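The values are calculated or read from the model by the stated rules, or taken from the named source; none is laboratory data. Just so we're clear, the structure is a prediction, and the values are computed from it rather than from any experiment. Using ideal geometry, Cβ is built from the backbone for each residue, glycine included, and neighbour counts are taken over all protein chains shown. Surface accessibility is based on the protein's heavy atoms, side chains included, excluding ligands, DNA and RNA. Shrake-Rupley method; radii C 1.70, N 1.55, O 1.52, S 1.80 Å.
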Amino acid sequence: MRATTLWRQPRAWLAVIVGGLLAALITLAYIGPAADPQAHLRDLPLVLVNADEGAAAAGSTVRLGTDLSTRIEASARDDGRISWTIVDSLPAARRLLERGEASGALVIPQDFTRKSLSLTARDARPERPTMTVLTNEGAGSVASSMAEKAARQSATQASTALGAQLTARANSTRPGADRLLLLHDPVRTVTEPGLTTSGATAGGAMTLYLTIALLLAGLLPAVLLTMTVDAALGYSPLEMGPRRSVQPVVRIARTSTFVAKAGIGAVTGFAAGSAVTAVALWGLDVEPDRPVQLWLFAGLTCTAVTLLTLALFAIFGMAGQVIALLMVTLFGIPLSGGTIPVQAQPGFAQAVGNFLPARHVTEGIRSLLFFDGLGSGLLKAWLVMGAYAVVAFLVGLVVARLYDHLGFDRATAVELARHSQPAVTATS
């Protein structure tokens with residue numbers, strides 16, 4: 001057969017068309033969320049601290065910080081990009097940052113009103129009020145940067161509104177030109193780390209790197225098991241470089257094959273997750289807040305991915321490998337929220353990502369690495385990955401039994417006729 005003969009085969013061109021479509025979808029999955037995250041930003045969680053104690057003026061107590069926090073929250077509701085949680089103390093804000101429930105914070109200090117009013121009093125030394133932006137490195141570099149930018153924009157808008165309010169108040173005191181100029185932008189904004197991490201963190205990106213390592217470590221055992229077991233049973237050739245070997249076909253039911261692969265795969269998957277954890281902790285100086293839980297979660301993740309891949313092999317044959325790659329890595333990783341936060345992804349990316357394991361692995365790893373296991377997504381991550389493992393095994397088992405019941409043997413009649421031994425069936 002000549003190579004040109006293959007070019008005339010419809011299946012070859014069908015593969016080209018399907019490959020092109022998949023390439024387009026993968027490009028959309030990777031570039032779509034990162035193209036313009038600011039345009040898609042919705043409900044990014046931030047904390048607004050209103051610790052302002054107010055100050056006495058004209059026989060009454062003035063609380064400019066309360067006025068500003070109300071204005072900031074109302075503006076966020078109309079805009080939809082930021083979801084503010086208002087607290088009245090800095091420790092309360094830090095608790096939210098440490099739990100991973102906020103990507104940053106904006107702090108209105110206790111002396112905010114007192115310093116603001118000093119700008120309008122002729123006999124007082126003027127002091128510019130300060131608002132502090134707190135960053136959260138554990139949220140990831142992109143999420144933390146977006147939170148800082150959003151908080152600074154809110155502080156700038158608040159400063160402009162406060163300046164107009166103070167200018168109206170200052171008309172009665174007739175301040176000098178220098179103070180009137182200062183009232184155009186009275187608030188000074190500073191940025192400080194609200195939550196820092198220790199060890200090798202890759203600037204908060206360690207969550208993504210560990211997620212990728214675990215997903216790949218879960219895929220590999222399933223692929224290797226399928227290749228070696230099927231070759232040993234005679235259902236596929238084993239090619240090593242120029243050498244190609246084909247074993248005699250062993251008559252064995254699909255159910256028995258899947259159960260054997262799943263049993264070995266579960267053990268191998270957990271071992272792979274343990275290996276990833278060991279290298280990260282002892283070889284790369286990663287310092288998770290919960291090392292034991294990280295090890296168990298990593299083992300569960302790899303086991304679930306291995307069983308999912310084996311189930312897809314059992315259902316779709318070799319096409320299951322492509323489907324597993326698409327679900328676990330090619331679509332899963334860019335939609336996981338490890339780089340672009342979920343709140344800044346397009347609607348289609350948010351919806352699809354919720355059904356893929358990578359997003360839940362990312363949430364679990366982030367919580368165990370940076371947030372002392374207190375992150376709100378950790379329990380869901382445990383449940384989802386456990387469900388993936390159980391459902392994948394059950395679906396693969398049911399489909400394998402169905403194929404056996406319908407008589408879909410893995411070998412041809414000619415191949416099976418060469419073997420007189422009875423087929424091996426799954427133990428009930």
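Return yes or no: is ALA164 crowded, with 18+ Cβ neighbours inside 10 Å, assigned to a helix (DSSP H, G or I) and aliphatic (A, V, I, L, M)?
No: the conditions fail for ALA164.
Residues to consider are LEU216, LEU224; find the one that is in a helix (DSSP H, G or I), without any contact (Cβ under 8 Å) to a residue 40 or more places away in the chain, open to solvent by 40 Å² or more (accessible area, probe 1.4 Å) and closer than 26 Å to THR362 by Cβ.
LEU224
Which of the residues spanning the stretch 384-411 are within 30 Å of VAL342 (Cβ to Cβ), in contact (Cβ under 8 Å) with a residue 40 or more places away in the chain and buried (at least 16 other Cβ atoms within 10 Å of the Cβ)?
Answer for the stretch 384-411, where residues must be within 30 Å of VAL342 (Cβ to Cβ), in contact (Cβ under 8 Å) with a residue 40 or more places away in the chain and buried (at least 16 other Cβ atoms within 10 Å of the Cβ): MET385, TYR388, ALA389, ALA392, PHE393, VAL395, GLY396.
When the residues of the stretch 284-313 are narrowed to those that are charged (D, E, K, R) and under 21 Å from the mean Cα position of the chain (by Cα), which ends up farthest from LEU368 (Cα to Cα)?
GLU287
Could you list all residues from the stretch 39-59 that are open to solvent by less than 60 Å² (accessible area, probe 1.4 Å) and either of a type outside the set (Gly, Ala, Ser) or closer than 20 Å to ALA102 by Cβ (or both)?
Matches in the stretch 39-59: LEU41, LEU44, PRO45, LEU46, VAL47, LEU48, VAL49, ASN50, ALA51, ASP52.
Is one or more of the residues making up the stretch 323-339 within 28 Å of GLU98 (Cβ to Cβ), out of contact with any strand residue (DSSP E or B) (no Cβ under 6 Å at 6 or more places or on another chain) and free of Cβ contacts under 8 Å to residues at least 12 places away in the same chain?
There is no residue in the stretch 323-339 that is within 28 Å of GLU98 (Cβ to Cβ), out of contact with any strand residue (DSSP E or B) (no Cβ under 6 Å at 6 or more places or on another chain) and free of Cβ contacts under 8 Å to residues at least 12 places away in the same chain.
Quick check on this structure: which one of LEU97, LEU68, LEU117 is out of contact with any helix residue (DSSP H, G or I) (no Cβ under 6 Å at 6 or more places or on another chain), farther than 21 Å from ARG366 by Cα and touching a residue at least 40 places away in the same chain (Cβ under 8 Å)?
Of the residues listed, the single one that is out of contact with any helix residue (DSSP H, G or I) (no Cβ under 6 Å at 6 or more places or on another chain), farther than 21 Å from ARG366 by Cα and touching a residue at least 40 places away in the same chain (Cβ under 8 Å) is LEU117.
Tell me yes or no: at least one residue of the stretch 188-203 is among the hydrophobic types (A, V, I, L, M, F, W, C), modelled with pLDDT of 85 or more, surrounded by fewer than 15 Cβ atoms within 10 Å (Cβ to Cβ) and not in a helix (DSSP H, G or I).
So far as the stretch 188-203 goes, yes, one or more of its residues are among the hydrophobic types (A, V, I, L, M, F, W, C), modelled with pLDDT of 85 or more, surrounded by fewer than 15 Cβ atoms within 10 Å (Cβ to Cβ) and not in a helix (DSSP H, G or I).
Considering only residues that are open to solvent by 30 Å² or more (accessible area, probe 1.4 Å) and touching a His at 6+ places or on another chain (Cβ under 9 Å), look in the stretch 297-349 and name the one that is nearest to LEU402 (Cα to Cα).
GLY347
Confirm whether LEU96 is out of contact with any Ser or Thr (no Cβ under 6 Å at 6 or more places or on another chain) and open to solvent by less than 30 Å² (accessible area, probe 1.4 Å).
Details: out of contact with any Ser or Thr (no Cβ under 6 Å at 6 or more places or on another chain): yes; open to solvent by less than 30 Å² (accessible area, probe 1.4 Å): no.
Against the criterion (out of contact with any Ser or Thr (no Cβ under 6 Å at 6 or more places or on another chain) and open to solvent by less than 30 Å² (accessible area, probe 1.4 Å)), LEU96 does not qualify.
Provide a single number: the residues in the stretch 369-383 that are modelled with pLDDT of 90 or more and either open to solvent by 20 Å² or more (accessible area, probe 1.4 Å) or touching a Pro at 6+ places or on another chain (Cβ under 9 Å) (or both).
4
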